[in-house]
1. Tell me, what is the FRET efficiency for residue A:259 and residue A:121 to the nearest 0.05, using R0 = 30 angstrom and their Cβ-Cβ distance as r?
2. Note down the magnitude of the dipole of chain B about its Cα centre, charges +1 on Lys and Arg C-beta and -1 on Asp and Glu C-beta and zero elsewhere, to the nearest 20 debye.
3. Can you work out the FRET efficiency for the pair residue B:282 and residue A:250, with r the C-beta to C-beta distance and R0 = 35 Å, to the nearest 0.05?
4. Net charge near residue A:152: determine it from the other residues with C-beta under 13 Å of the C-beta of residue A:152, scoring Lys and Arg +1 and Asp and Glu -1.
5. How far, in nm to one decimal, is residue B:163 from itself in the other copies if the label point is set 7 angstrom along Cα toward Cβ? Shortest first, please.
6. Based on DSSP H runs of at least 4 residues, each adding -39500 (n - 2.57), what is the mean residue ellipticity at 222 nm of chain A after dividing by all its residues, to the nearest 500 deg cm²/dmol?
7. Which whole-Hz ³J(HN,Hα) couplings does segment B:116-125 yield from phi under the Karplus relation 6.51 cos²θ - 1.76 cosθ + 1.60, θ = phi - 60°, glycine and proline marked x?
8. Assuming R0 = 60 Å, what is the FRET efficiency of residue B:28 and residue A:5, from their Cβ-Cβ distance, to the nearest 0.05?
Number of protein chains: 2
Amino acid sequence: METEREQTVGDLSERALLARILAAVGDASQAEVGPGDDAAVLAVPDGRVVLTTDTLVHGPDFRLAWSTGYDLGVKAAAVNLADVAAMGARPTALLVALALPDALPVAFVDELARGLRAACDRLAPGCAIEGGDLTASDTLTIAVTAVGVLDGLAPVLRSGARPGDVVAVVGELGAAARGLAILFDRFRTPDGTPLAVDAALLDATERADLDAQLRPNPPIGLGPVAARAGASALMDVSDGLLLDATRMAEASHVTIAFDGPLDDHALRGGEDHALLACFPPTVRIPDGFVRLGVVAGPGDAAVTVGGIPASGRGGWDPYRDWDAHRG
Amino acid sequence: METEREQTVGDLSERALLARILAAVGDASQAEVGPGDDAAVLAVPDGRVVLTTDTLVHGPDFRLAWSTGYDLGVKAAAVNLADVAAMGARPTALLVALALPDALPVAFVDELARGLRAACDRLAPGCAIEGGDLTASDTLTIAVTAVGVLDGLAPVLRSGARPGDVVAVVGELGAAARGLAILFDRFRTPDGTPLAVDAALLDATERADLDAQLRPNPPIGLGPVAARAGASALMDVSDGLLLDATRMAEASHVTIAFDGPLDDHALRGGEDHALLACFPPTVRIPDGFVRLGVVAGPGDAAVTVGGIPASGRGGWDPYRDWDAHRG
């Protein structure tokens, strides 16, 4: 359809590109000092700030054949917001460092910025992009830092689970991994090159799984809800329920006993960005959380499923599992 | 000298690599929650936190032929600490997101971590690496977020300069640009491929210039000193004094009048990470700052040097000036 060459990042100065991005992100700053000075200045009324950083890299973390700029903006925001929520905190700001190839279309960057903003608006109202950085790179890289506040509550750690607690989850388990399997199995050439997704080939369930992979929708608001309810432990399930529950059990020196059965995608799939929580038995479990088991004293296995020890191995290791060169 | 193949990033799991990095960084955490949970939790007693992010990318920002891992750790920390200092704030934490090629030697990553820690210890005592992220990438990328506190002071913006203020700088101007010129002119093949630096070919001044480029030593502690003294405006000089002074003058709606003369490297060189400050005439300028001129009311030029209008153009545009493909 295009008759003229598409404008790319390499056609613009840093200043012009930054102006485009700030326009697409929109003026939602809540900060004392927002974008434009050497650093942002944010209010933290209760004197404790929550900070996390997570990066998406072309190749290991996404493929341009499969993700739009908008998708990537949503995902880069969502995975970081989830880590803030997993402390029981309310996200207030993102800093976004973009490393962009010169050949990337400017329209793609606009969409990325729109996706970042849309994810904040939907998942964490009041959270805005308050700063960032632009540089050139051969590899499209989106490094986000998310900032949160605890509103006077104590942070909820992964080390706080105690025997007798109820184990519960909110968010979908396994869907993102099923979505990734759809991409790997059905939208690659035989030599592994990613192919554009044809949604007409997918049924509604498959489309939902693909959405969970490409545009995650984690239950950010329920992190602070769990904290306020009295959760003893809380963490983001991003590397598979089994591996993350093993980490929580080890940090807490307990056994996490899932009632089971749980299917393999739910146990071992990655990128769920669900919240795994433990609640003391006296606590009323907040709406949305689903009970999956109980916490027992330390035993031979960190995690059991239906009474059977389950190894955390086989969980998602983002460093190894999505190979940059295999497609 | 090596008889066995060097261990590379691709040989280790994420967990093993992270353990190596945390060991090299050392246990200097001052945080309520440091590395190991979903996010860090930091104390901000006065209720305002300062945040900035800056990324170093292989190609546009550094070359492995010229920089050691240690150099890169120092530089990645220093450029971010400088942005915190430029608000008048005291750095308290770094988050470090590393995107690493599989072929990168593990020893290089150890050195990078040591460099990050050394820069914190030297430039901003009390500042520690409190979190981060690891991912694989074809392009070595170091995305740092720096966190600071204001200790009850107001942040010092670039927009606060007023007519009658004294303009002053602390830190070396031009040395980093001269160091880059040494690398480009003397340590590349005719086709532009970077060559390892042979320090024996350099005199003491040249070695100092190279140090300023590879291992910057910005005056971090003087940011809070300037704020406490009553600076009206403050900013990091990273894109050349002329371009950054132009930004300060435009943000403040004033003219910055340098007494002059100033040489071209000082005016247009990049990556100084000096601090440009304005002080009301009643303020005693803190030790270390050197008076360079005065602030006048708005005029035809944002900046003058020796009374002559000077264009900010020609300053360092990191997005364009160090081309990833030209070497």
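1. Working: r = 37 Å, r/R0 = 1.22.
Computed FRET efficiency for residue A:259 and residue A:121 comes out at 0.25.
2. Working: 25 positive and 45 negative charges, 180 e Å.
That gives chain B a dipole magnitude of about 860 debye.
3. Numbers: r = 60 Å, r/R0 = 1.70.
The value I calculate is 0.05.
4. Details: positive: A:48, A:90, A:228; negative: A:46, A:151.
It works out to a net charge of +1.
5. Those separations, rounded to one decimal, come out as 7.7 nm.
6. Working: 9 runs with 99 residues, N = 327.
That calculation yields -9000 deg cm²/dmol at 222 nm.
7. 4, 5, 4, 5, 4, 4, 7, 8, 8, x
8. On the way: r = 51 Å, r/R0 = 0.85.
Once the sixth-power term is evaluated, E becomes 0.75.
The values are calculated or read from the model by the stated rules, or taken from the named source; none is laboratory data. This one's a predicted model, so the numbers in the text were calculated from it and none came from an experiment. Every residue, glycine among them, receives a Cβ derived from its backbone with ideal geometry; neighbour counts consider all protein chains shown. Protein only, heavy atoms only, side chains kept; ligands, DNA and RNA dropped before computing areas. Shrake-Rupley method; radii C 1.70, N 1.55, O 1.52, S 1.80 Å.
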